[in-house]
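Inspection log for the structure reproduced underneath, given as structure tokens.
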Amino acid sequence: MMMEKIYSEWMGETQRKKISHILTKVDVKGKVLDIGAGPGFLEEFIDAIAVDIDLENLKKAKGKKILADGNNLPFKNDSFDTIFCIDTIHLIDNIENIEDLLKKDGRLIVTLFCNEYNFKDRIDYLKGLFSLDIEKEFTVRTEKEWDAVIVFKK
Ligand SMILES: C[S@@+](CC[C@H](N)C(=O)[O-])C[C@H]1O[C@@H](n2cnc3c(N)ncnc32)[C@H](O)[C@@H]1O
């Protein structure tokens, strides 16, 4: 329990730093979906529909939340203007589904944790996942962990 608390505080501090930095670089518009929201660090900054398969964690997220599998999301195609998938895409197989949920001109922001040694590989991996236009790519660097970030546009 103590280890869980320490881990959650460590992760929270790092995720908040990464997310606040990402939000300075991304123009978030309209209806927003957060796939693999965890305890809702993104929702501390913006309104989004939080989706995760872990109910206990998801309960902590602010705002609207839905217990659902990122492989089979319960939304119609062309439903969202902005979709985030923060440090979760490696856990999802059916990524075509995510692309379909995005409206035309919508943005998909996908991130994956990395470090100074593997960030280029992680950027290339993320870029190859979707057949959408790439609007931006960058890394977010905290003392504890980096994130590779790609902003796709439909
Ligand atoms: C590394 S955590 C990232 C959490 C959050 N996005 C953040 O920034 O802290 C990965 C999250 O993905 C969730 N997850 C794993 N497989 C999933 C799936 N198939 N569909 C939806 N969420 C999933 C986990 O429960 C966990 O909350």
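The values are calculated or read from the model by the stated rules, or taken from the named source; none is laboratory data. Predicted model only: the values in this text are computed from it and were never measured. We place every Cβ from the backbone using ideal geometry, glycine too, and count neighbours over all the protein chains shown. Note: areas computed on protein heavy atoms with side chains; ligands, DNA, RNA excluded. Shrake-Rupley method; radii C 1.70, N 1.55, O 1.52, S 1.80 Å.
Structure data summary
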quantity: Matching option when the condition is within 24 Å of F138 (Cα to Cα), out of contact with any helix residue (DSSP H, G or I) (no Cβ under 7 Å at 6 or more places or on another chain) and within 8 Å of the ligand (Cβ to nearest atom), among K18, K25; calculated: K18
quantity: Any hit, region 109-129, residues being in contact with a Leu (Cβ under 8 Å, 6 or more places away or on another chain), in a loop (DSSP other than H, G, I, E, B) and aliphatic (A, V, I, L, M); calculated: no
quantity: Residues within region 22-52 that are touching a strand residue (DSSP E or B) at 6+ places or on another chain (Cβ under 7 Å) and over 24 Å from E99 (Cα atoms), tallied; calculated: 0
quantity: T139 open to solvent by 10 Å² or more (accessible area, probe 1.4 Å) and closer than 17 Å to A50 by Cα; calculated: no
quantity: Positions within region 51-77 being open to solvent by 80 Å² or more (accessible area, probe 1.4 Å), more than 8 Å from the ligand (Cβ to nearest atom) and among the aliphatic types (A, V, I, L, M), in sequence order; calculated: L55, L67
quantity: First in region 105-122 and free of Cβ contacts under 8 Å to residues at least 24 places away in the same chain, second anywhere and assigned to a strand (DSSP E or B) and among the basic types (K, R), Cβ under 8 Å, 6 or more apart; calculated: none
quantity: Among the residues listed as F119, F80, the single one being more than 15 Å from the chain's Cα centre (by Cα), modelled with pLDDT of 95 or more, more than 14 Å from the ligand (Cβ to nearest atom) and crowded, with 17+ Cβ neighbours inside 10 Å; calculated: F119
quantity: A48 being surrounded by 20 or more Cβ atoms within 10 Å (Cβ to Cβ), more than 26 Å from F130 (Cα to Cα) and either within 12 Å of the ligand (Cβ to nearest atom) or in contact (Cβ under 8 Å) with a residue 40 or more places away in the chain (or both); calculated: no
quantity: Verdict on G12 being among the small types (G, A, S) and either assigned to a loop (DSSP other than H, G, I, E, B) or at pLDDT 95 or above (or both); calculated: no
